[in-house]
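Q: One structure coming up, written as structure tokens, with questions to follow.
The values are calculated or read from the model by the stated rules, or taken from the named source; none is laboratory data. Quick caveat: nothing in here was measured; it's all calculated off a predicted structure. Ideal geometry is used to build each Cβ from the backbone, glycine not excepted, and the neighbour counts take in all protein chains shown. Keep in mind that these areas ignore ligands, DNA and RNA; they rest on the heavy atoms of the full protein, side chains included. Shrake-Rupley method; radii C 1.70, N 1.55, O 1.52, S 1.80 Å.
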Amino acid sequence: MFFLILFVVIIIAVMWWVNGERALSRNERLYLKRRGYEPPSEAESGPPVSKDTRLFSAIESLSDISPYARQRAAEDLSRMCIEGNRDPRMLSSLVATLDDGDPSVRRAVATALANLSDPSSVEALERRMDVEESIHVRASLEHALSKLSG
């Protein structure tokens, strides 16, 4: 009888742990993000960040050692463009990052350039299209070129 009660308690504990509202670890959040799922936001509230601070932080992060940080920076610049905060200072950094070694970064940069809507980036996008091997990046480049030319 004791083992039956112990077994039931263990089952209940495991079910509670699996279904519980525990915070995701850093590795779990990274895993979900890389697979296209947005983990629950655990944003810390703090003082508002100025537009220039956000811009310069994202531009600086385009040259970070971590491919994930570079991808996030390009995605943030893309979001800024969608929000209507386009800035000509984004262009040169994004064009330089088109030659990044990581395909996910190049894909995010192509999307950011499409959202920036600067016709002077067409030449750089076409140049990258000539040498790009990743089909996912090529699709993003084609989308960017069609958005900028049409």
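Q: How do the pairs read when you match residues in segment 138-150 that are free of Cβ contacts under 8 Å to residues at least 12 places away in the same chain with residues anywhere that are in a helix (DSSP H, G or I) and surrounded by 14 or more Cβ atoms within 10 Å (Cβ to Cβ), using Cβ under 8 Å and keeping only pairs 6 or more apart or on different chains?
A: Sorted first by the residue in segment 138-150, then by its partner, the pairs are Arg138/Met129.
The rows are residues; the columns are (1) open to solvent by less than 100 Å² (accessible area, probe 1.4 Å); (2) at pLDDT below 75; (3) within 30 Å of Pro103 (Cα to Cα).
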residue: Phe3; (1), (2), (3): no, no, no
residue: Val8; (1), (2), (3): yes, no, no
residue: Val18; (1), (2), (3): yes, yes, no
residue: Glu21; (1), (2), (3): no, yes, no
residue: Ser25; (1), (2), (3): yes, yes, yes
residue: Arg29; (1), (2), (3): yes, yes, yes
residue: Arg34; (1), (2), (3): no, yes, yes
residue: Pro40; (1), (2), (3): yes, yes, yes
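Q: Among the helices (runs of 4 or more DSSP H) confined wholly to segment 95-150, which include 2 or more residues that are open to solvent by less than 70 Å² (accessible area, probe 1.4 Å) and within 16 Å of Ala69 (Cα to Cα)? So that I can check it myself, show each step before the final result.
A: Working: elements: 103-116, 122-131, 135-149.
The qualifying helices (runs of 4 or more DSSP H) are 103-116.
Q: Considering only residues of segment 49-67 that are under 18 Å from Pro88 (Cβ atoms) and touching a Ser or Thr at 6+ places or on another chain (Cβ under 7 Å), which is surrounded by the fewest Cβ atoms within 10 Å (Cβ to Cβ)?
A: Only one residue fits best here, namely Ile59.
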